[in-house]
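What follows is a short report on a single structure.
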């Protein structure tokens with residue numbers, strides 16, 4: 001786990017980094033918020049410990065800038081400061097910090113807080129990854145089902161169309177052109193009564209109740225060119 005320590009006081013930076021390295025962490029440091037933001041973007045630490053009062057960019061500003069980046073939304077941040085007024089602590093939490101630790105503090109207490117936040121962060125990130133994985137699988141499953149339904153529909157249409165007799169297909173194609181029974185009969189050299197029988201068969205096979213529905217069905221499913 002990598003910890004970023006941001007503090008303009010050299011003694012504080014060294015004492016924190018030495019203690020955390022002895023505790024098994026990898027530590028990177030910065031002496032102000034601006035450099036701290038650059039270090040965060042470059043190294044993607046697992047947690048940030050930062051002072052508030054610093055030159056160029058203070059701790060509040062650093063936390064807000066960090067939280068603006070999607071990849072750091074869940075990054076644990078601890079604010080260290082000698083400021084202990086309630087309003088200042090509120091400002092720290094409003095900026096997006098996870099813990100406000102007043103100075104002076106015990107290094108052992110800081111290490112315990114870091115361990116707690118890292119464990120909680122790992123749980124949250126793991127649950128988030130699982131949730132994202134489930135969403136992706138659900139989306140893929142839905143897409144596959146949609147494609148399968150589309151293929152099944154096309155197959156049903158294809159089977160239905162191939163089940164028509166050659167004469168029924170001829171009647172259907174002329175009917176789509178808007179020809180009457182008599183006109184279709186003249187084209188195919190059959191009687192209007194015979195044409196009507198073919199039309200009735202087509203209505204039954206397409207599960208439609210009249211010519212308008214039949215035409216709509218045929219155009220919707222692309223059964224004729």
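Structure summary
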read-out: Pairs where the first residue, in segment 72-90, is touching a residue at least 40 places away in the same chain (Cβ under 8 Å) and the second is assigned to a helix (DSSP H, G or I), C-beta under 7 Å, 6+ apart; value: 74/121; 74/124; 74/125; 75/66; 76/117; 76/118; 76/121
read-out: Every residue from segment 175-213 that is in a helix (DSSP H, G or I), within 55 Å of the chain's Cα centre (by Cα) and without any contact (Cβ under 8 Å) to a residue 40 or more places away in the chain; value: 198, 199, 200, 201, 202, 203, 204, 211, 212, 213
read-out: Residue among 75, 110 that is closer than 25 Å to residue 126 by Cβ, assigned to a loop (DSSP other than H, G, I, E, B) and touching a helix residue (DSSP H, G or I) at 6+ places or on another chain (Cβ under 9 Å); value: 75
read-out: Complete set of residues in segment 40-55 that are surrounded by 13 or more Cβ atoms within 10 Å (Cβ to Cβ), out of contact with any strand residue (DSSP E or B) (no Cβ under 6 Å at 6 or more places or on another chain) and not in a helix (DSSP H, G or I); value: 53, 54
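A short reminder: the numbers here are calculations on the coordinates, not readings from a lab. Predicted model only: the values in this text are computed from it and were never measured. Quick reminder, even Gly has a Cβ in these numbers, built from the backbone with ideal geometry, and neighbours come from all protein chains shown.
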